[in-house]
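A quick write-up on the structure given underneath.
The values are calculated or read from the model by the stated rules, or taken from the named source; none is laboratory data. Note that the structure is a prediction, hence the values are computed from the model and not measured. In this analysis, Cβ positions are derived from the backbone assuming ideal geometry, glycine residues included, and neighbour counts consider all displayed protein chains. Please note that ligands, DNA and RNA were not included when accessible areas were found on the heavy atoms of the full protein model with its side chains. Shrake-Rupley method; radii C 1.70, N 1.55, O 1.52, S 1.80 Å.
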Amino acid sequence: MTKFSWRKATLVAAVVPMLALSACSSTGGKPADSGNAAGGGQVASTPRIKIALITHAPAGDTFWDTVRKGAEEAAAKDNVELLYTGDPEAGRQAQLIQQAVDQKVDGIAVTLATPDALKDSLKKAADAGIPIVSLNAGEGVSEALGAFTHFGSNEQLAGQAVGAKLAEGGYKHPICVIQAQGHVGLEARCAGVKAKVPGTEILYVNGADMTSVESTATAKLQASKDADVIIGLGAPITLTLLKSVATAGSSAKVASFDLNKELAQKIDDGSVLFTVDQQPWLQGYSAVDALWQNKRGGFKIGGGQPVLTGPAIVDKSNAADVLKFAEQGIR
């Protein structure tokens, strides 16, 4: 079988620094940092500006703690007042964009998991002359919705990377678990897996209720005796799927997308095969910094193309190194 190479397919138009190796998910369980997130470095001498970061983050997902940490570090360095808000309900996310427009912010960074619901409010932002960048979700519609660049992983490409790695391992019947039906990035991930492993099944679960996720996945594994691997599309989902595998008495292995400290540990100890990381710290940092650069000199990072922050495979060979960064909250 031909080895999959995502270098051939990559759309990167600008180089993003990779801090080691390196759908999705909330503000997480931690409050915002109160001090200088940049750790005491010199703050830019440019005039203070206000940037809104608006995500589709559901409650409890540590993924968004990492995005926010990167954004806060860039804001501290760039003399930016960062307004972070998030809501998984598309209509409320649109309202948050409108609030940012009303506040006359100097830039908007936004996730586009449900682009149709956000297009009207983003048009108002563009009509008001507010620069926009997107991150994490919506790469394919970013430009059409007024963003001058996008920071994230090509989700179809990331899915193909996972599918290729599973195919190399001889897996033929994956179950790809989608925790938010209609989320364009999550759907693209599973489509990418299926493109490489045609026997892939899709399982929809309610990602807002981990008890429901566990029971739904357990029932599916009990009914699907030929399932040889189950794939979570976010670290908290994957960690819950480990419980489902045990409860179902299934021989299926577990693979993942995205990363947190606990998942990195599970990969290191062999409980999870691997994950494909989109490096969310870079997404938050780069989105805020790009808007500051645009305000400072009219710069548009990416040259009109997405700036890819992944995919980056984390497996047994490098999980211990990645774990060191995860313990710092940046992976």
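For this structure, a couple of remarks:
- Each Cα pair under 8 Å and six or more residues apart adds its sequence gap; the mean of these over the residue count of region 30-176 is a relative contact order of 19 percent.
- Pairs exceeding 30 Å between alpha-carbon atoms, taken from Lys225/Lys324; Lys50/Lys316; Lys124/Lys300: Lys225/Lys324; Lys50/Lys316.
- Accessible-area ranking of Phe325, Phe151, largest first, probe 1.4 Å: Phe325, Phe151
- Its relative contact order, with pairs defined as Cα atoms under 8 Å and 6+ residues apart, puts region 130-267 at 20 percent.
- Above 20 Å, the calculated P(r) of region 194-306 contains 52 percent of its Cα-Cα pairs.
- Rg/Rg_globular for the chain, with Rg_globular taken as 2.2 N^0.38 Å and Rg from C-alpha atoms: 0.97
- Seen from a random direction on average, the alpha-carbon convex hull of region 79-122 projects onto 3.0 square nanometres.
- Per-residue Karplus couplings for region 290-305, computed as 6.51 cos²θ - 1.76 cosθ + 1.60 with θ equal to phi - 60°, are listed in order as 5, 5, 5, 4, 5, 5, 6, x, x, 6, 10, 4, x, x, x, 10 Hz, Gly and Pro entered as x.
- When a 1.4 Å probe is rolled over the protein heavy atoms, the share of accessible surface on region 157-309 that falls to carbon and sulfur comes to 49 percent.
- Distances between placed amide hydrogens fall under 5 Å for Ile230 paired with Ile175, Lys253, Val254, Ala255, all partners being 5 or more residues away or on another chain.
- Between region 96-144 and region 151-179, the C-alpha centres lie 29 angstrom from each other.
- Whichever aspartates and glutamates have a C-alpha closer than 17 Å to that of Lys77, once near sequence neighbours (fewer than 8 apart) are set aside: Asp33, Asp106, Asp289
- Computed over protein heavy atoms with a 1.4 angstrom probe, the accessible surface ordering of Arg296, Arg92, Arg331, largest first, is Arg296, Arg92, Arg331.
- Dimensionless Rg/Rh of region 147-194 - Kirkwood Rh, Rg from C-alpha atoms: 1.06
- Surface accessible to a 1.4 Å probe, per residue, for the residues of region 73-217, Å²: 39
- Beta bridges assigned by DSSP with both partners in the chain are antiparallel in approximately 10 percent of cases.
- Each residue of region 67-78 is assigned a 3J(HN,Hα), and the resulting list reads 4, 5, 4, x, 5, 5, 5, 5, 4, 5, 5, 9 Hz, derived from the Karplus form 6.51 cos²θ - 1.76 cosθ + 1.60 (θ = phi - 60°), x at Gly and Pro.
- A straight Cα-to-Cα reach below 14 Å connects Lys123 with the aspartates and glutamates Asp102, Glu143, residues fewer than 8 places away in its own chain not being considered.
- Selection from Pro174, Ala208, Ser256 lying farthest towards where the dipole of region 153-276 points positive, charges on Cβ: Pro174
- GluC sites (Glu not before Pro) within region 74-159: DSSP coil, no more than 13 neighbouring Cβ in 10 Å: Glu89
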